[in-house]
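The values are calculated or read from the model by the stated rules, or taken from the named source; none is laboratory data. Nothing here was measured: the structure is a model prediction, and the numbers come from that model. Here Cβ is always computed from backbone atoms with ideal geometry, including for glycine, and neighbour counts include all displayed protein chains.
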Amino acid sequence: MTGPSVTHATVTSERAVDAPPAMVFGAWADADVKARWFNGPADWESGPHTLDFRVGGREHGSGGPPGGWVSTYDAVYMDIVQDERIITAYEMHLDGTRISVSLATVELRPEGAGTHLTFTEQGAYFAGFDDVAGREQGTRDLIDALEAELRRQLATA
């Protein structure tokens, strides 16, 4: 068999989050809230973000460094259990080239007054874009941004 290679990997990130499961779930489910944290660094340019948060619904977002490459996220919601679980199938593109296809599961469990969040991505990363360590770091960065958004919400509540 010839052609581009693919690397398969599972990336898991777990975190104790200082917010109740309903609030964490809401940060994934509300389009305005998610648009505030589900993106790159603060200096990135962001394209339109759309979110149809229901089983079978779609999400789309794009962005990247000013004047640089554009990363695009296209997802379909496969399973949603209120305040407990979200499963998406998604693909990532870089300047129009598909670089990966993944199944991502977000699990939320009450833990004291907060939430134990487990994010698991089972991915197929295509040749030249198979830096699994980079995807792991990107996942940690997104969860850091989620936590910052939740802290902001709690501070203004």
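Remarks
- Residues in the range 24-57 that are surrounded by 18 or more Cβ atoms within 10 Å (Cβ to Cβ) and among the polar types (S, T, N, Q): N39 alone.
- The single condition from (1) under 24 Å from Q153 (Cβ atoms); (2) within 17 Å of the chain's Cα centre (by Cα); (3) without any contact (Cβ under 8 Å) to a residue 60 or more places away in the chain that F25 fails is (3).
- Here L103 meets the list (1) farther than 15 Å from H8 by Cβ; (2) surrounded by fewer than 18 Cβ atoms within 10 Å (Cβ to Cβ) almost entirely, failing just condition (1).
- Only one of D144, D79 that is surrounded by fewer than 16 Cβ atoms within 10 Å (Cβ to Cβ), closer than 26 Å to A42 by Cα and among the acidic types (D, E): D144
- Pairs are defined by a Cβ separation below 9 Å, a sequence spacing of at least 6 or placement on different chains, a first member in the range 37-53 that is closer than 21 Å to T88 by Cβ and of a type in the set (D, E), and a second member that is surrounded by 12 or more Cβ atoms within 10 Å (Cβ to Cβ) and modelled with pLDDT of 90 or more; the pairs so defined are D52/A31; D52/R58; D52/E59; D52/Y77.
- Hits in the range 1-22 - residues which are surrounded by fewer than 16 Cβ atoms within 10 Å (Cβ to Cβ), in contact (Cβ under 8 Å) with a residue 40 or more places away in the chain and among the hydrophobic types (A, V, I, L, M, F, W, C): V6, A16, A22
- The set of residues in the range 67-100 being over 19 Å from T50 (Cα atoms) and within 14 Å of the chain's Cα centre (by Cα) consists of R85, S100.
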